[in-house]
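One structure is given below, encoded as structure tokens.
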Amino acid sequence: MAPFSGRSDRRTGPALASYRFSWRVFDVLEALAAQWPARAMGLVKWFLLLPALLIVGLLIFGLVVMADASFRVMDFRTYQLSEHYSTANYVRLWGWGAFWATLWRSLGAALLVTLICLVLAFPYAWALTRTPNRRLRRVLLVGLFLPFFVGQVVRAYGWLVILGYEGIVNKALAVFGLGPYRLLFSYPAVLFGLVQYMLPFAVLMLMPALAAIPEEIERAAASCGASPLRAVLRVILPMARPGLIAAALVVATLTLTDFAMPAILGGGTNDFLANLVHDQFFRTSNAGLGSAIALVLTFLGTTIAGLLLTRAGTQAFGLRGTS
Amino acid sequence: MASTVVAARGRAGETSAPAVEAQGLARRYGTVWAVHDASFRLERGQFLTILGPSGSGKSTLLKLIAGFERPDRGQLRLFGANMDGVPAHRRPIGMVFQRLALFPHMTAAGNIAFPLEMRRFDPREIPARVARFLKLVRLEGLGDRRPHELSGGQQQRVAIARALVFEPELLLLDEPLASLDVRLKEEMQLEFRRIQRELGVTTINVTHDQREALVLSDRVIVMARGRILQEGDPETVWRNPAHPFVARFLGVGTMLRGQAEPGPAIRIGDRLLPGRAPNPLTAPRPGQPAVAALRAERVRIGTTGALTENGTRLAARVADVVFEGERVLYELVVPELGEAQLRAVDLDPGSHARHRPGAEITVSWSPDDLLLFDASLDPGSDS
Ligand SMILES: Nc1ncnc2c1ncn2[C@@H]1O[C@H](COP(=O)(O)OP(=O)(O)OP(=O)(O)O)[C@@H](O)[C@H]1O
Ligand SMILES: [Mg+2]
């Protein structure tokens, strides 16, 4: 007998031929699920969480290993980490000027890129969520996702072609008898590349927050006498705060830990902390010092995330609860 | 007073101009005219209710007045000033929205203070004014609460206070009571009337609740499919619906179909029923199909009582009896009118015995109560 034959909510009458295939599939699944002991239902959610827990667990394991390594000194005769623990790596970082310069450069970039991205992403996300014009919305959406198809490294090399000494911009300037200028391998070039890379993330994080603000709220602000500018400043921005904080969180942490943009557009002249970690591991082979820098970087990222989240609460991601 | 309001007035230069003058206002979405050729006039201090079924264009008309939408055609003057190209935030209008639209990140007092700040009131005057309006809507002591910490009725009051606090020339209400339960709704209706009278603000209220319209309004507009079908004072609209749709919407009870005869009268089967055409524009032409509206309360049951001059008396059979508390509704079938269905109410059910289903009774009414219309105007042909 077919598994659905006993159902009382069948609307199709005796015409079994019109019973949809997807209904049959779900009937079978539901019949199977009914066999599952009710007491074991609580286990199901843990089972579903298992892969995620595994991944997070591995990450934490890696961190512990790194923390361990950061307290051992590399012996360059044997290329082995010392057996005993010491704070020598951290002491060395403390007194190392280039490390501090890199740290401030990374933090500064995180701050600047976040601010610029929020300012640029807001109107984009606003237009995307509010335009009644379907074609414009489609164009904006494609523009939003196109960069993801290209990838960070390819895009960075694209900037080389455009901004390089022999690049398009300098050629264009040469027509007017200007230049050539060194546009690449500078802090602004790195920031520029990062903003361009992070903008879609910021827009994506802002969109749900803006879409959640009802149109009636805008009208209410207008009927209170608020000009569009003041409505944005006094009503829309405060209401979009969770989205702004979520966007800031993503952009700031991704920028702080970025590797490719400073490597390619900075060309070694404007390294970030991640580049420093990379150099320690793969150039100088100092896993101890590299681990120490990595740990500092992790600490900075977590602190920024923690600060932003305590400012906003977990509502930044539309979660329930007040903390 | 806020400068924008003064400007709107000053430009007109005449203080006696009506509050609202709409001329041929129209707004189209795609191929559908949400509002079509809407013309009306509202005097200062009056309370107008726009009544109509869902999708009839009530909200769209309100948006045109508030300036949230631009009309495709027509002209709007508020207090004598042409509103062409005047953005919403420069119009002297306070509005209460269907879903209230309180600002969730501000307290109740913050919400009420917002229009004062936006309209550049003297900052020293703001706290006192906020307190005065909190009191007006009976929310003293709740000013520090956020909207989500208030009950539905309290939120409603905050929205009303926010719309009124800057003393707008015109108050727009887009079904702000629709989501409330019946008791709270009636309470808030009376509240509206009290506040509106106290401040004397010209008000346009949108609803599809006919009772609300009758209770609150000085004027009523009935809309259907984007058109204004009738405008008038509530009693006139109630007694003399100008259009069969208006009659249906105000719940007359019975619609009978037949043939128009001079008189005016309507012929149903062999029977000629004299009636009255409330509006010459919608009156049926003799020989053409006609539809007659008969209010259930105007139908007398039983043989008692003298028949008015040329009144109608018919035998009927009780099909169903519905007890509605203060009144009893009878569903009747009239064999002589081709088994047509008829509704009648007994407004004093306690004083005498009730008829049972199947009982043979007599019904009568005055020709003044049988309203005749051109049947081609009537949307519903089913009942
Ligand atoms: N933004 C829009 N885009 C397209 N069509 C719209 C839009 N707004 C309203 N309409 C259409 O215009 C007509 C009138 O809508 P409106 O909101 O004015 O009705 P209403 O009388 O307020 O109804 P309700 O009582 O349900 O609120 C409807 O047919 C509606 O579908
Ligand atoms: Mg509406």
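Surface analysis of chain B yields an accessible area of 45 Å² per residue, using protein heavy atoms and a 1.4 Å probe.
With Cα atoms as the point set, the radius of gyration and Dmax of segment A:193-323 evaluate to 19.6, 66 Å.
Helix A:287-312 and the long axis of chain A differ in direction by around 50°, with both axes built from C-alpha atoms.
Within 10 Å, Cβ to Cβ, of B:Val334, how many net charges do the neighbouring residues add up to if Lys/Arg are +1 and Asp/Glu are -1? Display every interim value, and only then the final one.
Values: positive: B:Arg271, B:Arg317; negative: B:Glu336, B:Glu339.
Counting the neighbours of B:Val334, the net charge comes to 0.
How many percent of the alpha carbon pairs in the protein assembly as shown exceed a separation of 32 Å? When all Cα pairs of the protein assembly as shown are counted, 70 percent exceed 32 Å. The simple spin-label model puts a point 7 Å past each Cα toward its Cβ; for B:Arg120 and A:Val65 those points are separated by 6.7 nm. Using only the alpha-carbon atoms of segment B:161-274 as identical scatterers, what base-10 log of I(q)/I(0) does the Debye formula give at q = 0.22 Å⁻¹? Result of the Debye calculation: -1.30.
Charging the Cβ of each Asp and Glu at -1 and of each Lys and Arg at +1, and nothing else, the dipole of segment A:97-317 about its Cα centre rounds to 560 debye. Helix B:126-136 and the longest principal axis of the C-alpha atoms of chain B enclose an angle of approximately 20°.
Taking 56 Å as R0, compute the FRET efficiency from the Cβ-Cβ separation of B:Arg317 and A:Ile162 and round it to 0.05.
Working: r = 90 Å, r/R0 = 1.61.
FRET efficiency, B:Arg317 to A:Ile162: 0.05.
Normalised by residue number, the volume inside the convex hull of the Cα atoms of segment B:81-160 is 113 Å³ per residue.
For chain B, take the longest principal axis of its alpha carbons; what is the angle in degrees between that and the long axis of helix B:3-12, to the nearest 10 within 0 to 90? Value to nearest ten degrees: 60.
Sort segment A:97-317 into rounded, prolate or oblate with this rule: let a ≥ b ≥ c be the square roots of the eigenvalues of the Cα gyration tensor; rounded if a/c is under 1.5, and if a/c is not under 1.5, prolate when a/b is larger than b/c, oblate otherwise.
On the way: a/c = 2.47, a/b = 1.40, b/c = 1.77.
It is oblate, given that a/c is not under 1.5 and a/b is not larger than b/c.
Of the beta bridges in the protein assembly as shown, as assigned by DSSP with both residues counted there, near 75 percent are antiparallel. For segment A:164-269, pairs of C-alpha atoms spaced more than 20 angstrom apart make up 59 percent of the total.
Contact residues in segment B:84-129 by the 50 Å² criterion (accessible area, 1.4 Å probe, full protein complex versus chain alone): B:His89, B:Phe97, B:Phe103, B:His105, B:Phe114, B:Met118. Other residues within the sphere of radius under 14 Å centred on the Cβ of A:Asp258, judged by their own Cβ, net out at +1 (K and R +1, D and E -1).
Rounded to two decimals, the Cα radius of gyration of segment B:247-374 over 2.2 N^0.38 Å is 1.04. Computed from the Cα positions only, the extents of segment B:23-72 along the three principal axes stand at 36, 22, 18 Å, in decreasing order. Counting only protein heavy atoms, probe 1.4 Å: which residues of segment B:54-70 lose 50 Å² or more of accessible surface in the full assembly compared with their chain by itself? Residues losing area: B:Phe68.
Probe radius 1.4 Å, ligands and nucleic acids left out: which of A:Trp159, A:Trp104 has the largest accessible area, and how do the rest follow?
Values: A:Trp159 40, A:Trp104 155 Å².
Output order, biggest surface exposure first: A:Trp104, A:Trp159.
Volume per residue for chain B equals 168 cubic angstrom (convex hull of Cα atoms).
Please report the buried accessible area for the interface of B with A, total over both chains, probe 1.4 Å, in Å² to the nearest 100.
Details: alone 18070 and 20150 Å², together 36390 Å².
Summed over both sides, the interface buries about 1800 Å².
Quick check on chain B: of the DSSP beta bridges with both residues there, what percent are antiparallel, nearest 5%? Provide the component values of the computation, followed by the final result.
Working: 60 of 79 bridges.
About 75 percent, rounded to the nearest 5.
Just the protein heavy atoms count here, and of the accessible area of segment B:3-239 at 1.4 Å, carbon and sulfur take up 46 percent.
Per residue, segment A:103-167 exposes 60 Å² of accessible surface when a 1.4 Å probe is rolled over the protein heavy atoms with every protein chain present. The share of accessible area on segment B:247-374 that comes from carbon and sulfur is 48 percent, using a 1.4 angstrom probe.
If you roll a 1.4 Å probe over chain A with all protein chains in place, what percent of the accessible area is carbon or sulfur?
Working: 13640 of 19170 Å².
Whole-percent figure for carbon plus sulfur exposure: 71.
Starting from the Cα gyration tensor of segment B:214-299, take the square roots of the eigenvalues, sort them a ≥ b ≥ c, and report rounded, prolate or oblate (rounded when a/c is under 1.5, otherwise prolate if a/b is larger than b/c, else oblate). The partial results should precede the final answer.
Values: a/c = 2.33, a/b = 1.79, b/c = 1.30.
Note, shape of segment B:214-299 comes out prolate.
The values are calculated or read from the model by the stated rules, or taken from the named source; none is laboratory data. For clarity, every value in this text was computed on a predicted model and none was experimentally measured. Cβ coordinates were reconstructed from backbone atoms using ideal geometry, including for glycine residues, and neighbour counts include every protein chain displayed. Accessible surface areas use protein heavy atoms only, side chains included; no ligands, DNA or RNA. Shrake-Rupley method; radii C 1.70, N 1.55, O 1.52, S 1.80 Å.
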